[in-house]
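Have a look at the structure below before the remarks.
The values are calculated or read from the model by the stated rules, or taken from the named source; none is laboratory data. Fair warning: this is a prediction, and the values are worked out from it, not measured in the lab. Cβ: placed from backbone, ideal geometry, glycine included. Neighbour counts: every protein chain shown.
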Amino acid sequence: MAYSPDFRAPPFAAGTAQAAVLDQGLRAYMLRVYNWMASGLILTAIVAYAVANTSLRDAFYQLAPNRYGQLALHPTALATICMIAPIGFVMVLSFGVNRLSRSTAQALYWGFCGVMGASLANIFLVYAQSSIATTFFVTAAMFAGMSIWGYTTRSDLSRMGSFLMMGLIGIVLASLVNMFVHSGPMQFAISIIGVVVFTGLTAWDTQRIKVSYLTYAHAEGPDQAAKRSVYDALNLYLNFINLFMMLLQLTGSRNNNS
């Protein structure tokens, strides 16, 4: 016998069906965000490795005496530009994502990930590759655990957002100061606090992305959702990269010549 809908079904049946569709859409959206983030990390790793291990390195780093008279690799003007450029990409994507076209937002994201790779090439020159790989897998495990918790918890994490942002501002200011004073204990403290802040931001951003989707899913078209998925992936990407760098500074084994 052919199936025919029962229009006498109670009202909550329609609500349940609608909730199921919304939940399915949320899972698909989160998968899209994670795919963007993972693809960006892969591109960053490829570019960083290529710059550090091919002739491209000469365009980014030059061998010259340091302040102690020892030979060391120094960033060139191109490397300095690559270190500063990601800030511009983040600002454009953060403040202009609603005005950008879908293809432009995606192109900017790829450009950002590529430039980040060039700016992070020095880690292959400073740290042992085995240490980089170990730290990456530890970071991935921590990120996955906190992101899953942020997605599944029923606790409202928005209240800790302001504290995490204050911690983030403190890290930025302390890092700027330490660029001039070169204090080992200060760098150690920055790394410890950074691990705590970016671990918390991973859970907070994951819940924020989930709530944002549930809030705006019915009000935006596919293009807007696609652009927002790139922006959300950018936030998770930044949490991952910063957590990775903080852990690498804490536990990474340096090369003998660094």
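Would a scan of segment 15-24 turn up a residue that is among the β-branched types (Val, Ile, Thr) and modelled with pLDDT under 75? Yes, because at least one residue in segment 15-24 is among the β-branched types (Val, Ile, Thr) and modelled with pLDDT under 75.
Could we say that residue 191 is among the small types (Gly, Ala, Ser), crowded, with 17+ Cβ neighbours inside 10 Å, touching a Pro at 6+ places or on another chain (Cβ under 7 Å) and closer than 29 Å to residue 43 by Cα here? Show your work before the answer.
Working: among the small types (Gly, Ala, Ser): yes; crowded, with 17+ Cβ neighbours inside 10 Å: yes; touching a Pro at 6+ places or on another chain (Cβ under 7 Å): no; closer than 29 Å to residue 43 by Cα: yes.
Criteria not met by residue 191.
Per the conditions (1) aliphatic (A, V, I, L, M); (2) closer than 17 Å to residue 51 by Cβ; (3) modelled with pLDDT under 95, the sole criterion not satisfied by residue 115 is (3).
Just one of 93, 63 is more than 21 Å from residue 252 (Cβ to Cβ), in contact with a His (Cβ under 9 Å, 6 or more places away or on another chain) and either in a strand (DSSP E or B) or not charged (D, E, K, R) (or both); which is it?
Details: 93 fails: in contact with a His (Cβ under 9 Å, 6 or more places away or on another chain).
Checking each option against the conditions leaves just 63.
Within segment 198-212, identify whether any single residue is over 16 Å from the mean Cα position of the chain (by Cα), within 20 Å of residue 40 (Cβ to Cβ) and free of Cβ contacts under 8 Å to residues at least 40 places away in the same chain, and answer yes or no. Yes, because at least one residue in segment 198-212 is over 16 Å from the mean Cα position of the chain (by Cα), within 20 Å of residue 40 (Cβ to Cβ) and free of Cβ contacts under 8 Å to residues at least 40 places away in the same chain.
The residue of segment 239-256 that is surrounded by the most Cβ atoms within 10 Å (Cβ to Cβ), among those that are at pLDDT below 95 and touching a strand residue (DSSP E or B) at 6+ places or on another chain (Cβ under 9 Å), is 252.
Report whether or not residue 90 is touching a Ser or Thr at 6+ places or on another chain (Cβ under 6 Å) and at pLDDT below 95. Taking the combined requirement at face value, the residue does not satisfy it.
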